Every structure is written in structure tokens, then in C-alpha cells.
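Q: Mind looking over this structure? Questions follow.
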Amino acid sequence: MKKLILKWGAIMGGVMVAILLVEYALYPELDPERFDSSETYGYAAIFASLAIMYMAMVELDKSSGETPPTMWQRIMLGSGAAIVAGAIFGAYNVFYTEVLNPEFMDVYYDYYIAQLPVQSGPEYESMVADLEAQKAMFQAPSTQFLVMAATVIMIGIPMSVALAFVRKLRA
């Protein structure tokens, strides 16, 4: 089971990064006007790559011989692979913000501040101060890694339950 988790987690993480690198190749310059569509593209990449865990469950079924795997085994395979893929995605995000686009955090926070509903006065100043404090925290590579890995894992666990159920119905 560990080999399957590592194999399929690496495949899912690799596909996720490949999809995101295609977007980077097409749009290497930071454009705040594309932030919303890039976020949507990123989530689509996560969901598409995590859907590959269904193939991992098929391989688990084939390798189990006459005794079919339990729902729990399928869920553990999917969740474990999502954890591996999440770690790969977290590492990619650190690479992206530290090497490919080191100015990303500054540009993103400037864009976010420009989108605030209030643009002047004490309320605005308070909001900007809060965002600046958050920016300092999120600029830390360890925080970036953890947040992005957790995003993939939090999507991957329910997907593994759903796909395990679908696989059980089809097996």
C-alpha cells in the first residue's frame, strides 16, 4: 500500500505541477487582472489531478487478488496519495513564490488592498494593517508550504471518500 500511495501521490502531484507550469509558460508576467482566473485555474488543476486517484484505486483492486480491498483501504490510498500530492504542490508553491515570481506576494497584496470595499479612513487603515500582518506571515516559505499542502489535502480527503464509494459500486 505504501508503494501505491507514493507512486500515485507523485503522479498526482506531478500532473498538478505540470498543469500549473503550463499556465506559467503561457502567462509568465504577473497581471493582477488575471488573479481571479488563475485562482480558478489552480483549483481546477487540483481537482483534475486528484481525480487520478480513481486509477490508483483500480490498481489497488487489481493487485488485491481474490479479496477485494475494503472501502477503508481505498480511502487510505486516496488520502495518502493526496498528502503526497499536497506536499509536492506546497513545494511547488514555495518554488513559484521564491524563484519564478518572487514579487508575487507584493503584487498580490497590492491587488487585494485595491479590492477592499473601503478605500480611505480609519477602517481602511485598520484593514490594511491587518493585511500587512498577514502578508508577513504568508511570505514565510513554511507557511506557504503548509497552507497550499493543506488545501490539496482538504480537497483530497473528501474526494478519496467519494471516489472509493464510486469504485466500490463499479468493482
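The values are calculated or read from the model by the stated rules, or taken from the named source; none is laboratory data. Since the model is a prediction, treat every value here as computed from it, not as a measurement. Every residue, glycine among them, receives a Cβ derived from its backbone with ideal geometry; neighbour counts consider all protein chains shown.
For every residue, the table says whether it meets (1) at pLDDT 90 or above; (2) among the small types (G, A, S); (3) closer than 19 Å to A133 by Cβ.
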| site | (1), (2), (3) |
| --- | --- |
| P68 | no, no, no |
| M71 | yes, no, no |
| A82 | yes, yes, no |
| I88 | yes, no, no |
| T97 | yes, no, yes |
| P102 | yes, no, no |
| Y108 | no, no, yes |
| L116 | no, no, yes |
| P122 | no, no, yes |
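Q: Considering only the range 95-111, state which residues are surrounded by fewer than 17 Cβ atoms within 10 Å (Cβ to Cβ), in contact with a helix residue (DSSP H, G or I) (Cβ under 8 Å, 6 or more places away or on another chain) and β-branched (V, I, T).
A: V107
Q: Moving on to the next point. Suppose we keep only residues that are of a type in the set (S, T, Y) and surrounded by 11 or more Cβ atoms within 10 Å (Cβ to Cβ) within the range 112-147. Which one would you say is nearest to the chain's Cα centre (by Cα)?
A: Selected residue: T143.
Q: If I go through the range 65-91 residue by residue, how many of them are part of a loop (DSSP other than H, G, I, E, B) and either at positive phi or in contact with a helix residue (DSSP H, G or I) (Cβ under 8 Å, 6 or more places away or on another chain) (or both)?
A: Residues in the range 65-91 being part of a loop (DSSP other than H, G, I, E, B) and either at positive phi or in contact with a helix residue (DSSP H, G or I) (Cβ under 8 Å, 6 or more places away or on another chain) (or both): 3 in total.
Q: So which helices (runs of 4 or more DSSP H) are wholly in the range 1-63 and hold at least 2 residues that are over 16 Å from the mean Cα position of the chain (by Cα) and exposed (fewer than 13 other Cβ atoms within 10 Å of the Cβ)?
A: Here the list reads 2-26, 53-63.
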